[in-house]
Amino acid sequence: PAGTRIHVVGRSLVEALMLGPDQFRSTSLVDIPVFEARSLAVQLPAPGNLRVRLARSPQNQRWTFESPIQTRADKNAVELVLSGIRELSVASFLDTPPAAGVTGLDNPAFRLTVEGTQRRAILLLGTPVSAEARPGVTRAETEMYAKLEDRDTVFTVNITDDLLDDLRNAQTKLRERRLLDFDPARLTALSITAPGQPEVSLQRLETGAWQVLARQGTEAAQPQAADPAVVARLIEQLGQLRAVAFHSDAPFPVDLEQWGFNRAEREVVLNLTPEPPAQAASATLLLGVTTNAGGQPLTYARVADAQFVYQVRSAILDELPVVARHYRLRTLRDLPPGARITGVALRRLADGTTVFARDLAAGQTWETALAAEKPELQSAVQQLLGELRTLRARDFVRDAFSPTLEIDGQPQPWVYQLDVTIALSGAGEAERTTTSTLLLGERQGGTSLLVGSAEFNTVFHATQPFLDSAFALTFGSRDPGPPPAQPAKDNGDTAKPEVPAAQSATEPKP
């Protein structure tokens, strides 16, 4: 400063002092983090002036619509939109902006309001800057005039077309499409009814297992253990049932009748354990069926005590059969580790001939008993033994055992009888034997074999391993094996063996 000395400094000092106003301007617009946001409002211009407002509940952090309708919002979709708004930044500042009529900010295309903790940001989006592509703007983005409501500075932003579509259609894009909002752990009972069929009820026991029973009026059938895999799939399908389209938000009674709700195709009632804060203890889902002008079936759904009607996939009806045996436990028998199968006898009922029979001698194992048999037979018997230890049904055909089977609506006699000798032993007790009998039909196609059991009082389809092993025993002796190899035909294209030069023409060719 005294002018007596000269210092050599870095050029960066000069460059730092040469910064213009644009370098000191912040390009961020809405700096409210997603986790802090408490509400989001999207207002569209006249003449519609549609205003969509969503708020987050401080109790459960769920988003709901407050206008134009009151319903649940999709939490993930809302937070993705909030994240997209927060990521918006200034593309360019306009020190001499065009007239308000050019920017469209006098009647903005979007008025976005995000409220956080004791602060609020309002962003106005006007018209697109140009219909032509501009440098730095991709085809999936639109450059628009914008400004913050509490400031006069006009700038442009690059906003993705996906975000614009979500904002323009916020009433549907941000709406929750899942019809039922419940915690599976709170589910205690579930019932399914259909016109003209007895109600099927599923109940969770204190052990966590499920049981199923069919109700006909005031009478109830004997409860049976329910298959956990089938019940789990049912609960999953109900929890994931989503709207294909939001069909109507304010239907008239005549509309509900036209869409099949006067006699609902399915009525599903879910009973839940009450849980604060004041959550519903039950929910009822109604499914109606109608047809369109082309005769194609359409399925509509609504939740009781709510006015909204949704269109859903018609396949959901197949996931809700009103047949108690569909939910019955597929495992009919699971022998304890100490139990042994000591004998198997398979005979044809028409003539009483024995197809296969083998009893274990004292101390003998199945490996030694089958050692002299063909490998194919050994494999089939071992697989059948495993299926008989843990006897499972692929699905149930009848609720009770029948002395005859039914194929294509015609009664048919059972074809085979399979007797299984089981030895049971307890601690300090002598071994005792029991015989279990299964009746088999003929194999129907590649995956169908009917099995009847008076012991378990049912008729069911066998699992594929059971079918394969039983078929190997019943058909194995008649299996002719693969067809013999056919000699290749000489069509003149194959090369003929050469005759040695020393061979006489009169000698036979090799």
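The values are calculated or read from the model by the stated rules, or taken from the named source; none is laboratory data. None of the values given here were measured: they were computed from a predicted structure. When we count neighbours, we look across all protein chains shown, and the Cβ atoms used for this are built from the backbone with ideal geometry, even at glycine. Each accessible area value is taken on the protein alone, full model and side chains, heavy atoms only, with ligands, DNA and RNA left out. Shrake-Rupley method; radii C 1.70, N 1.55, O 1.52, S 1.80 Å.
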Quiz item: Considering region 1-114, what Rg and Dmax in Å follow from its alpha-carbon atoms?
Solution: 22.7, 77
Quiz item: All other residues with a Cβ under 14 Å from the Cβ of F460 taken together, and with Lys, Arg as +1 and Asp, Glu as -1, what is their net charge?
Solution: +1
Quiz item: Once you sort the root eigenvalues of the Cα gyration tensor of region 346-453 as a ≥ b ≥ c, which label holds: rounded (a/c under 1.5), prolate (a/b larger than b/c) or oblate (the other case)?
Solution: prolate
Exercise. Taking all protein chains together and a probe of 1.4 Å, list V355, V344 from the most accessible to the least accessible.
Key: V355, V344
Quiz prompt | Simple label model, 7 Å out from Cα along Cβ direction - D408 to A281, nm | solution = 5.5
Quiz item: Going by a ≥ b ≥ c, the root eigenvalues of the Cα gyration tensor, does region 434-473 fall in the rounded group (a/c under 1.5), the prolate group (a/b larger than b/c) or the oblate group?
Solution: prolate
Quiz item: What is the ratio of the Cα radius of gyration of region 156-220 to 2.2 N^0.38 Å, where N is its residue count, to two decimals?
Solution: 2.05
Self-check item: Computed over the chain, the ratio Rg/Rh where both radii use C-alpha atoms and Rh is Kirkwood
Solution: 1.22
Exercise. Compute the Rg to Rh ratio over region 278-422 from the alpha carbon atoms, using the Kirkwood formula for Rh, and round to two decimal places.
Key: 1.20
Practice problem: With everything on Cα atoms, drop me the angle between helix 228-239 and the longest principal axis of the chain, reported from 0 to 90° to the nearest 10. | Solution: 30
Quiz prompt | Prolate/oblate/rounded label for region 154-298 (Cα gyration tensor, a/c 1.5) | solution = oblate
Quiz item: If R0 is 41 Å, what FRET efficiency do you get for L298 and E455 from their C-beta distance, rounded to 0.05?
Solution: 0.35
